[in-house]
């Protein structure tokens with residue numbers, strides 16, 4: 001076997017083993033809820049970058065660290081039980097009723113988290129769509145509480161709780 005072929009075989013084995021444990025799988029969470037309120041009224045609820053706790057009951061506070069509500073803004077959001085996340089606003093489209101952000105720092109064993117919140121609909125009906133992609137930290141040795149499925153359940157459960165409350169707030 002020549003050196004080039006041997007190198008390709010070794011490269012192939014290395015790539016396969018690096019991904020065999022699933023540590024670098026890109027995970028995706030998508031949650032949607034239908035709301036009996038206009039798209040504009042619904043977006044007014046979920047677009048509060050500086051007040052996540054106003055529609056997401058898992059969080060106790062939002063503190064803008066820089067940039068106000070503009071793209072590039074950084075916020076610190078604190079869960080009711082204490083841990084804090086730091087997030088950056090990557091894009092905001094009020095006319096298109098969507099925004100995108102990323103987690104800079106998180107107590108969760110996830111990395112490369114990027115999420116989009118979008119509101120669609122017409123008249124007095126709308127839907128909120130919350131989509132995220134992320135990876136489990138490769139350095140972690142996952143247990144049943146921190147493997148890919150656990151992370152999908154955690155993020156999905158948080159999204160469902162937040163969206164359920166956003167629906168209540170928008171429909172009031």
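Values as computed for the structure displayed
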| quantity | calculated |
| --- | --- |
| Boolean, residue 155 is in a strand (DSSP E or B) and either at negative phi or out of contact with any strand residue (DSSP E or B) (no Cβ under 9 Å at 6 or more places or on another chain) (or both) | no |
| Subset of the range 131-152 that is touching a strand residue (DSSP E or B) at 6+ places or on another chain (Cβ under 9 Å) and in a loop (DSSP other than H, G, I, E, B) - its residue that is modelled with the lowest pLDDT | 138 |
| Residue in the range 64-74 that is touching a helix residue (DSSP H, G or I) at 6+ places or on another chain (Cβ under 9 Å) and at pLDDT 90 or above present | no |
| Residue that is surrounded by 13 or more Cβ atoms within 10 Å (Cβ to Cβ), touching a helix residue (DSSP H, G or I) at 6+ places or on another chain (Cβ under 8 Å) and either modelled with pLDDT of 95 or more or farther than 20 Å from residue 58 by Cα (or both), where the choices are 119, 114 | 119 |
| Condition met for residue 41 (assigned to a loop (DSSP other than H, G, I, E, B), at pLDDT 95 or above and touching a helix residue (DSSP H, G or I) at 6+ places or on another chain (Cβ under 7 Å)) | no |
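Residues checked against (1) assigned to a loop (DSSP other than H, G, I, E, B); (2) over 19 Å from residue 165 (Cβ atoms); (3) in contact with a strand residue (DSSP E or B) (Cβ under 7 Å, 6 or more places away or on another chain):
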{"residue": "49", "(1), (2), (3)": "yes, no, yes"}
{"residue": "56", "(1), (2), (3)": "yes, no, no"}
{"residue": "62", "(1), (2), (3)": "no, no, yes"}
{"residue": "65", "(1), (2), (3)": "no, yes, yes"}
{"residue": "71", "(1), (2), (3)": "yes, yes, yes"}
{"residue": "76", "(1), (2), (3)": "no, yes, yes"}
{"residue": "82", "(1), (2), (3)": "yes, yes, no"}
{"residue": "88", "(1), (2), (3)": "no, yes, yes"}
{"residue": "92", "(1), (2), (3)": "no, yes, yes"}
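The values are calculated or read from the model by the stated rules, or taken from the named source; none is laboratory data. Keep in mind it's a predicted model, so treat the numbers as computed, not measured. Counting neighbours? That spans all protein chains shown, and the Cβs are built from the backbone with ideal geometry, glycine included.
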